[in-house]
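To start, the structure under review is shown below, and the notes come after it.
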Amino acid sequence: MSSCIETFEATFEDFESAIVVEATITDKLEQQRVFLTRTFEFEDDGPSAETNASVRVEGGGNTFVFQESTPGLYISTQAFAAEPNTDYQLRIETQNGRSYGSEQMTLPQATQIDDLRVERVTNDLGEEGVAILVDSFDPAGNSVNYRYQYEETFKIIAPFWTPNDLERTPAGVATEICQVSIIPDERSEETCFATDFSNTIIQTSTKDLAEDRVSNFMVRFISRENYIISHRYGILVRQFVQSNEAFTFYETLNEFSGNESFFSETQPGFLEGNISSDTNTDEKVLGYFDVASVAEQRLFFNYSDLFPGEELPPYVDPCNLSAPPFRTPGNPPRCILAVQTDLGLVSYAGNNDSAGQNEGPYFVAPNVCGDCSEIGKVEVPEFWIEE
């Protein structure tokens, strides 16, 4: 059987650079955040940040000013919490002199998370893993619309960490310029922690149910083959109660972004939010300013809690061991292991006491396999709890 691929040269016309706003303020006393980016063309790598803008939230007779922390991320200069029965409005002025404003939004009723738990499950695709499930109940029936975000933190243990390291032998100590010797390891780490954030729209509604109850809603599924649950894993789940307008906006956005093909017959077109230009009514503005009540809860679990006595998931790297020789044959020789060591590409994994032809005296692994600081941080998070 054979096949061929014919290159498709796509041409996109009439690109319009539009500001994109992601802003949710909550009733939690904290420094609130606003993200500003711009749309990008199909062939570009990603969105560009909208920098040097003036951002503020007005409400209840107060003005809360936001300052740019990193490109496109604006954080309120003071911590504040949205209050009930108060109208809030987002105001933005960009560095090119354009100004934008949102509709006035009010805070919905708060609803607490009743239970957050983890269960071993098999999903609809037959993949085994763990599910993070949430329960919530509003007896008054006023919440209805729920959106979720999570922040996950996990422990990483480098499988080939040792207390030893390699370095090129200093000149004058060895006769070969390609010589490498064992030294105490003062650079790599065995145990680290990494944090990641949800990047999809996760929401549910109870409007068609007999009562305003969220039951067994899966916020996160993690395959048992995912290395992030190999040791200890923690997740902070945030539950937002939204207005009908906010829920509809995010539901539509999720449908658009979930199209199986960019070239599908149904094209999404423009998704209108609640933010508009003050100076040009025809200018397109993407995004939504939301005021939401929030509840949060955190849980931890170990892999052995759910898969007792079973093999750990594969590490983030295959960690194939090798025993590179000191140098290549020929005149002049070329250093192999010394160069890999100088560049920090490998970690010492043990002695190769029965070295074969074209092998060196030391086993090495990719550096990420012997130094977890390649993918995590050494500092233990303040909230971390060991069993």
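If I filter the range 307-321 for residues that are part of a loop (DSSP other than H, G, I, E, B), more than 30 Å from VAL121 (Cα to Cα) and free of Cβ contacts under 8 Å to residues at least 40 places away in the same chain, do I get at least one hit? Step through it out loud before you land on a result.
Kept after step one, since they are part of a loop (DSSP other than H, G, I, E, B), are these residues of the range 307-321: 307-321.
Narrowing further to those that are more than 30 Å from VAL121 (Cα to Cα): 320-321.
From the residues that got through so far, the ones that are free of Cβ contacts under 8 Å to residues at least 40 places away in the same chain too are none.
No - not one qualifying residue is present in the range 307-321.
The single condition among (1) assigned to a strand (DSSP E or B); (2) closer than 30 Å to LYS28 by Cα that GLY141 does not satisfy is (1). Scanning the range 248-284 for residues that are touching a Pro at 6+ places or on another chain (Cβ under 8 Å) and either modelled with pLDDT of 85 or more or assigned to a loop (DSSP other than H, G, I, E, B) (or both) turns up just one, ASN259. Among the residues making up the range 225-246, those that are open to solvent by less than 40 Å² (accessible area, probe 1.4 Å) and either under 26 Å from ASP305 (Cα atoms) or aromatic (Phe, Trp, Tyr) (or both) are ILE228, ILE229, SER230, ARG232, TYR233, GLY234, ILE235, LEU236, VAL237, GLN239, PHE240.
When GLY126 is tested against (1) of a type in the set (Gly, Ala, Ser); (2) touching a Phe, Trp or Tyr at 6+ places or on another chain (Cβ under 8 Å); (3) part of a loop (DSSP other than H, G, I, E, B); (4) farther than 22 Å from TYR288 by Cα, just one condition goes unmet, and that condition is (2). Within the range 374-385, identify whether any single residue is closer than 23 Å to GLU186 by Cβ, assigned to a loop (DSSP other than H, G, I, E, B) and without any contact (Cβ under 8 Å) to a residue 60 or more places away in the chain, and answer yes or no. Scanning the range 374-385, I find no residue that is closer than 23 Å to GLU186 by Cβ, assigned to a loop (DSSP other than H, G, I, E, B) and without any contact (Cβ under 8 Å) to a residue 60 or more places away in the chain, so the answer is no. Working carefully through the options THR191, THR169, find the one that is of a type outside the set (Phe, Trp, Tyr) and crowded, with 17+ Cβ neighbours inside 10 Å. Only one candidate qualifies: THR169. Applying the set (1) touching a residue at least 60 places away in the same chain (Cβ under 8 Å); (2) open to solvent by 30 Å² or more (accessible area, probe 1.4 Å); (3) not acidic (Asp, Glu) to SER99 leaves exactly one unmet item: (2). Within the range 333-358, residues that are among the aromatic types (Phe, Trp, Tyr) sit with their Cβ atoms under 9 Å from residues that are open to solvent by less than 30 Å² (accessible area, probe 1.4 Å) and in a helix (DSSP H, G or I), at 6+ positions apart or across chains, in these pairs: TYR348/THR341; TYR348/GLY370. For the range 284-340, the candidate set comprises residues that are more than 24 Å from LEU116 (Cβ to Cβ) and among the polar types (S, T, N, Q); within that set, the residue that is surrounded by the fewest Cβ atoms within 10 Å (Cβ to Cβ) is ASN331.
Entry remark, the range 57-70: residues being surrounded by 18 or more Cβ atoms within 10 Å (Cβ to Cβ), farther than 12 Å from PHE289 by Cβ and not acidic (Asp, Glu) number 2 in total.
In the range 206-231, how many residues are assigned to a strand (DSSP E or B) and over 20 Å from ARG117 (Cα atoms)?
Looking only at the range 206-231, we keep the residues that are assigned to a strand (DSSP E or B), and these are 213-223.
Pick out the ones that are also over 20 Å from ARG117 (Cα atoms) and you get none.
Going through the range 206-231 one residue at a time, the tally reaches 0.
The values are calculated or read from the model by the stated rules, or taken from the named source; none is laboratory data. Because the structure is a prediction, the values reported are computed rather than measured. In this analysis, Cβ positions are derived from the backbone assuming ideal geometry, glycine residues included, and neighbour counts consider all displayed protein chains. To get the accessible areas, we keep the full protein, side chains included, count just its heavy atoms, and leave off ligands, DNA and RNA. Shrake-Rupley method; radii C 1.70, N 1.55, O 1.52, S 1.80 Å.
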